[in-house]
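The values are calculated or read from the model by the stated rules, or taken from the named source; none is laboratory data. Treat the numbers as computed from the prediction; the structure is a model and nothing was measured. Because the Cβ atoms are built from the backbone with ideal geometry, glycine has one as well, and the counts that use them run over all protein chains shown.
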Amino acid sequence: MTLAATAAAHGFLSPTGVEIAFLLVGIATLGAALITVTTRQLVHAALWLVVALGGIAVEYLLLTAEFIAWVQVLIYVGSVVVLLLFGLMLTKAPIGRSPDADSGNRWAALVVALASAGTLVWVVVDAFRATWIDLDGAVQGSTATLGRTLFQYWVLPFEALSVLLLAALVGAIVLSRKGGEGKAPAADLRSGAARTGTAPREEQH
Amino acid sequence: MHLAYPAVLAVLLFCTGLYGVLARRNAILVLMSVELMLNAVNLNLVAFDVWLRDTLHAGQALTLFTIAIAAAEIGIGLAIVLLVYRNRGSSDIDRLRDLAERPDGGDATGHGAQPQPDTEAEAAA
Amino acid sequence: MTLTTTAVLVPLLPFLGSVAGFLLGRRAPGFVRPLAVLPTLATAALAVCVAVGQGGGPATDVATRLTPTGSIPIDLALHIDGFAALIGVLVGVVAACVQIYSTGYLRDDPRYPSYAALVSLFTSAMLLVVYTGDLMVLLVGWEVMGICSYFLVGHYWETEAARAASLKAFLVTKLGDVPFLFGIFALAADAGTFRITGILGKVADGGLHHPTLIALLLLGGVAGKSAQFPLHTWLPDAMAGPTPVSALIHAATMVAAGVYLVARLLPVFAASAAALVVLAVMAAITMVGSGLAALAQDDIKRVLAYSTVGQLGYMLGALAVGDRGAAVFHLLTHGAFKALLFLGAGVIIHAAGTNSLAAMSRMGGLARRIPDAYWTVTVALLALAAIPPFAGFFSKEAVLGAAEHAAHGQAHGIPGAVGWTVLISGVLTALLTAAYATRLWLLAFNGRGAEVPDHGKQPVVMNAMLWVLFVPTVALGLAGPYLPTWFDGRSLNPALTTSVVGTGVALIGGLVTYAAWRHTSARAARAPLGAVAVAPDAAPGLAEELAIESHTPAYGGIAGAPDPADPGRVLLGPLHRHAAVGFHLDAVYSALFVRPVRAAAQLVRFLDREVVDTYVRGAGAAPRWLGAAVRRAQTGNVQTYLGALLAGSLVLAVVAVLVATGTGA
């Protein structure tokens, strides 16, 4: 971060502290994500997802996008994962190891995922081999900056998004109702949807 | 900071999510994997926004929108999963095969997961 | 009425009668008989008027051209000379007799309306052939006759024999018609016109380039229609048709068309000595072969059929020696007595309940039961055997005289060999004719055995028609001295030498047959043969149909019968077996044409079923298998779909990147 802006000064063999931190957190995030998609304990998968999402929040911070980072923590870690846990419980997901967590499609999925990873890594590395992010200067993602931008330039999409969220709320309610009766699950889902609906409100602050 | 770091991390996270979507049996685990993929994209958006120093901060704004949409998606998705679970008694994706063509070419209704009474799901709730 | 109007009405009336018969036959059964008989009778009367009006004078030639038809014009032309006028009278009279006879013969037949209409149409077509002066119009009548004969021969289509015979008649005559058509085109192309007068004028100027080719091509059609070797085999089989049809088609009209055509176009044939030789050889083979075959037939009508073939051979022999007067004279007398013979045979078959001579020879009293038929048929047989003073004698002697004339080289442009061929075969045939006529008479009327069962009286019209035809049979020969003015002017009086030889030979033939019969008739009682009994009071047509149908199961074949009492068997000796089946010509045709065609059909069928269909089936099977394979991919598992989708888009992305960067291309 403190290094000179000249390209020659950059190099993989002389990582800066930010880079080292980013790398370490990234490894932790990736490991958590891998455990999330491979573990046989469904509840553990949700918990490891928390770790992965939190790691991403840290990465946002390292990229100076602090507002996004806190929103990430609030929405994902705070509500989405909780919602997922509720979902797991409502569908009577087994506690403990379930041997059939992966479908028979696993090997094909692995091949596709590895091939995609290989291709994308090759493309990305090939494209951004000599590109550096200049993290010095004004903070890019402070709440003030982003709030100004959001309500100056993005206000119309923002309001459209709130309508979308309302529609999602109504949709979730309609889906979870069942033909006039069955109030208990509908009420439960409503609480979840309400939680989702609160998210943008929190963002605005 | 080297741009390759966030970019490669995003790629790997995305492919991890991809694997999860394709390999997981439980629908809720699939939804988790979808969240991973969305977050990988968000990471990319933020990194490129920072790199480009965009005055409009389009990347970060879009990230916010993505997060909101992801929240809506998870709400609707969970509602659907619950509904399926209530109707079918299972949220295993590879048992929901009503779209498959039977060898006899006949209608596929009534096949697949045994239709379970809703009361069971309600009792769980 | 002018001669032209009358002559136009002659073919037109039966045609209109036929159309009306076809239209009204079903709806108004009461009109069918008048519609069949009256136009034909009127036509006969008008034909007589035409003949009287023509009176042997110069030919009347009228033509009208409706529309231009390309390079060579086609005219609706009338050409009426002595030949046309007299043959027109013959056709009209015989057709009228046949129509009247049929009202009795087919009185209960459900298909009588269409039958009568077809006979009228047939008569109309024949009269068109006779009166027209244009070869294309002649061809129309010629082909209409072919199709009518197909329908009429197949009248009893419930029987296998009739179905086969009608098909055979149609196919064999068509086989001859193909070269005939080419011959007409070649002739018209050479002469530049379809008008017969124009063609003959061109021939007289020596303007014909390929006379031999044209003559031989035309001979093909003539051989088919006039039942000459080697296309004669349809005629004996065609006896599966009703007897009046046999009388009309196979004695007086259709087979006469070929002879008449050659007579009309004789200069074309005479322009080529080779054609005359072929014609003479054809006629000679036909005459002798048919005489032998007639001697071996068991079906009375088949005897008469072979006799017709032989007499047509006489006519073509006369044409080969260049004397069309004698040929047409014989055509006239033969038309009269052969029609009488056929109609008489119809009466005999009804009275005897069978068409088998072997069965008749074991019945007594047939002559007493049908005195009209007995006397008229006896006289007609005498005429057939050329015994003076009946009609056949004069005409046959005219033919033999002409042949002798040519044999001595006195005829202009006719090779002597042709004359000798016709003369010798003619004399030989006279012997055979007398023999088979005697055999027929002896077997049919002099049978010994149980009394004939009573099959009811014949309708009066049938016997009346026999007497009508009896008159020309007896008297037509006496007209010989008056006829030359109608024809080419050559004398038709019998010459002394040929008369003595011909009559003597005929007498010898008759006596030898009688002796053989005396020798064999004693065996008849010892070798009983089942006579076919028919329900009493059945209509004559029905009786004949049953007789035809039961001949093969009763006697083991349609032609012959294993009868040791047959004088023909004694006379022919080892030849009998071959003569009974027409000297195996059908077998030869079967080997030459039928089997190759069947084999080819089998091959085509195989190719179609196994080769072509394989492609067709393959075109269906490949997509089906492909579909089955693709259907297996429809597992219903969303993850599988998604995996395949992502893998595919990955491949596409890689390809796109490679192409865009130029690394892969």
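In the stretch A:174-183, the count of residues that are at pLDDT below 50 and touching an Asp or Glu at 6+ places or on another chain (Cβ under 7 Å) is one or more.
Could you list all residues from the stretch C:636-662 that are touching a helix residue (DSSP H, G or I) at 6+ places or on another chain (Cβ under 8 Å) and either facing chain B (nearest Cβ under 10 Å) or not β-branched (Val, Ile, Thr) (or both)? Steps first, answer last, please.
Initial filter on the stretch C:636-662 (touching a helix residue (DSSP H, G or I) at 6+ places or on another chain (Cβ under 8 Å)): C:637-640, C:642-643, C:646-647, C:650, C:653-654, C:657.
Hits for the stretch C:636-662 are C:Asn637, C:Val638, C:Gln639, C:Thr640, C:Leu642, C:Gly643, C:Leu646, C:Ala647, C:Leu650, C:Ala653.
Scanning the stretch A:94-125 for residues that are hydrophobic (A, V, I, L, M, F, W, C) and either in contact (Cβ under 8 Å) with a residue 60 or more places away in the chain or more than 7 Å from every other protein chain (Cβ to nearest Cβ) (or both) yields A:Ile95, A:Ala101, A:Trp107, A:Val111, A:Leu114, A:Trp122. Every condition in (1) in contact with a helix residue (DSSP H, G or I) (Cβ under 6 Å, 6 or more places away or on another chain); (2) over 23 Å from C:Asp488 (Cβ atoms) is met by C:Arg107 except one, and the failing one is (1).
Flag: A:Ala46 does not match the condition of being assigned to a loop (DSSP other than H, G, I, E, B), within 9 Å of another protein chain (Cβ to nearest Cβ) and surrounded by 18 or more Cβ atoms within 10 Å (Cβ to Cβ). Contact map, the stretch C:1-20: first residue of a type in the set (Gly, Ala, Ser), second residue not in a helix (DSSP H, G or I), Cβ cut-off under 8 Å, separation 6 or more or different chains; pairs are C:Ala7/C:Thr60; C:Ala7/C:Leu78; C:Ala7/C:Ile80.
In this structure, does C:Ala274 turn out to be touching a helix residue (DSSP H, G or I) at 6+ places or on another chain (Cβ under 7 Å), modelled with pLDDT of 85 or more and surrounded by fewer than 23 Cβ atoms within 10 Å (Cβ to Cβ)? Talk me through it step by step, then tell me what you get.
On the way: touching a helix residue (DSSP H, G or I) at 6+ places or on another chain (Cβ under 7 Å): yes; modelled with pLDDT of 85 or more: yes; surrounded by fewer than 23 Cβ atoms within 10 Å (Cβ to Cβ): yes.
Yes, satisfied.
Tell me which residues, restricted to the stretch B:1-11, are touching a residue at least 12 places away in the same chain (Cβ under 8 Å), within 7 Å of chain A (Cβ to nearest Cβ) and part of a helix (DSSP H, G or I).
Within the stretch B:1-11, the subset touching a residue at least 12 places away in the same chain (Cβ under 8 Å) is B:3, B:6-7, B:9-11.
If we keep only those that are within 7 Å of chain A (Cβ to nearest Cβ) too, we end up with B:3, B:6-7, B:9, B:11.
Once the filter is applied, which keeps residues that are touching a residue at least 12 places away in the same chain (Cβ under 8 Å), within 7 Å of chain A (Cβ to nearest Cβ) and part of a helix (DSSP H, G or I), the stretch B:1-11 yields B:Pro6, B:Ala7, B:Leu9, B:Val11.
Here C:Leu219 meets the list (1) modelled with pLDDT under 90; (2) part of a helix (DSSP H, G or I); (3) more than 15 Å from C:Leu341 (Cβ to Cβ); (4) assigned by TED's automatic domain parsing to the domain that holds C:Pro494 almost entirely, failing just condition (4). For the stretch B:50-68, which residues satisfy the criterion of being part of a helix (DSSP H, G or I) and within 7 Å of chain A (Cβ to nearest Cβ)? Result: B:Val50, B:Trp51, B:Gln60, B:Ala61, B:Thr63, B:Leu64, B:Phe65, B:Ile67, B:Ala68. Summed over the stretch B:22-49, residues that are under 21 Å from the mean Cα position of the chain (by Cα) and more than 7 Å from chain A (Cβ to nearest Cβ) total 10.
So, C:Ala186, is that one in contact (Cβ under 8 Å) with a residue 12 or more places away in the chain and surrounded by 24 or more Cβ atoms within 10 Å (Cβ to Cβ) or not? Answer is no for this residue.
Only residues that are among the charged types (D, E, K, R) and more than 17 Å from C:Asp299 (Cβ to Cβ) were counted in the stretch C:219-265, giving 2. Among the residues of the stretch C:16-62, not one is surrounded by 22 or more Cβ atoms within 10 Å (Cβ to Cβ) and in contact with a Phe, Trp or Tyr (Cβ under 6 Å, 6 or more places away or on another chain). Scanning the stretch C:63-73 for residues being hydroxyl-bearing (Ser, Thr, Tyr) and surrounded by 12 or more Cβ atoms within 10 Å (Cβ to Cβ) gives a total of 1. If the condition is being over 16 Å from B:Ala40 (Cβ atoms) and either within 7 Å of chain B (Cβ to nearest Cβ) or hydrophobic (A, V, I, L, M, F, W, C) (or both), then the stretch A:63-74 contributes A:Thr64, A:Phe67, A:Trp70, A:Val71, A:Val73, A:Leu74. The residues of the stretch B:1-21 that are under 21 Å from the mean Cα position of the chain (by Cα), surrounded by fewer than 24 Cβ atoms within 10 Å (Cβ to Cβ) and of a type in the set (Phe, Trp, Tyr) amount to a single one, B:Phe14. Every condition in (1) within 14 Å of chain C (Cβ to nearest Cβ); (2) surrounded by 15 or more Cβ atoms within 10 Å (Cβ to Cβ); (3) at pLDDT below 85 is met by B:Gly89 except one, and the failing one is (1).
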